[in-house]
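Participant: Questions regarding the structure given below will be posed in turn.
Computed from the coordinates by the stated procedures, all read-outs in this text should not be read as laboratory data. Owing to the predicted nature of the structure, the values given are computational and were not obtained by experimental measurement. Cβ placement follows ideal geometry from the backbone for every residue including glycine, while neighbour counts extend to all protein chains displayed.
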């Protein structure tokens, strides 16, 4: 069909050769009676040092592409740290590359009139995030810009990201593993829809709990293409099945923690009257409820808050208003090497969030031998299924009742060594083997003996 004149062009298409427009079916498509120009797409490229697969998988290490917009950045160095730890653990078994989508869509509330006049391109360049090197690798940035019509942003964002991912040849990978259902999972489903490359999607909780109507309407596109859905908890798996997922394609694998990082040879002295909180400071975490409950606790009980977030000024003002400024300490963002000592030095770790998926901080705390007091939401009841690991509280608990729960938890004689032994079952070193078994299963290959 090359070099054949277009049969019914109402506008030029293709290439100018010898005084006439010539085209091929790949140069245009039809919209009713009007031919539209198709912008030529560049040839899909390979990552440096990667090539198209030739040898069968059993004769070489698997090649895996991890797609995750959750990746550390200078302004948020702990973003997606569980993805980083998983990539690091998988790298011991297979070859892993990371593609990090970056949403550069400009919302109306994010740009001033002056910045708009200066130019959107300059604004995007100036506000472009710098992805940090982690797990021994620097991710490939895949930036995209989506249109913003009401109700269609979810699908348009996935389409825009899929268009950028098409610049990569998917046949250089054995498996593509996307983290979060939206936008990463849906975009990968659109990218791989005409290929046989297996697609694995991990749902972490917030991507399902906060799903808007537009995302729900786009879910069938993902479910038709995905080979395996990995929810991090049983409760999340039930939600995915309610959205239409095939139970045969759903396997629960929780997030883990870095056992090597939390292996404290000389743990700090434990203060049995101290409460620790580690996480982002925003409304859904309800740190304000924790501070208000502290007013109902004895005067020797203290609270240490580690983390950053937009609610910190309001929380500091609340502590001062309640006269608790001497009992509440805000430590700011802790480096990763300081986190084990921070958790190991507390009597309990409190997490009173309104909504959670599978909070990694629970097992990081248990790995330090510190029991956990947490609301019974999401996968938390599964993580604290044994009462010897901590206490569960209802989501609608009042500050006074929470104060009593804190006091009872601090007065309980916990077996710190047994708590740590239980946590080791959820290290990334143990969980990465389960993920690799699923990779081989979706590829239709036998699991190697070292993983079985």
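Participant: When you count, for each residue, the other Cβ atoms within 10 Å and take the mean per peptide, how do 412-420, 329-337, 199-207 rank with the highest first?
Facilitator: Ranked from most to least packed, the peptides come out as 199-207, 412-420, 329-337.
Participant: Now, a different point. From the Cα gyration tensor of the stretch 58-108, with a ≥ b ≥ c the square roots of its eigenvalues, which class applies: rounded if a/c is under 1.5, or else prolate if a/b is larger than b/c, or else oblate?
Facilitator: Verdict is oblate for the stretch 58-108.
Participant: Let me ask something additional. Give the separation of the Cα centroids, the stretch 196-247 to the stretch 357-409, in Å.
Facilitator: 27 Å
Participant: Using 0.36 nm times the number of residues separating residue 437 and residue 140, minus their current alpha carbon distance, what extension gain do you get?
Facilitator: Working it through step by step, the gained length comes to 104.3 nm.
Participant: At 0.36 nm per residue, and after removing the present C-alpha to C-alpha distance, how many nm does the segment from residue 75 to residue 163 gain when stretched out fully?
Facilitator: My answer for the length gained is 28.9 nm.
Participant: Which shape class applies to the stretch 271-426: rounded if a/c is under 1.5, otherwise prolate when a/b exceeds b/c and oblate if not, where a ≥ b ≥ c are the square roots of the Cα gyration tensor eigenvalues?
Facilitator: rounded
Participant: Once the piece of chain linking residue 242 and residue 280 is laid out straight, how much longer is it, given 0.36 nm per residue of separation minus the C-alpha distance between them?
Facilitator: 10.7 nm
Participant: Moving on. So what is the relative contact order of the stretch 228-277, in percent, for Cα pairs below 8 Å that sit 6 or more residues apart?
Facilitator: 38 percent
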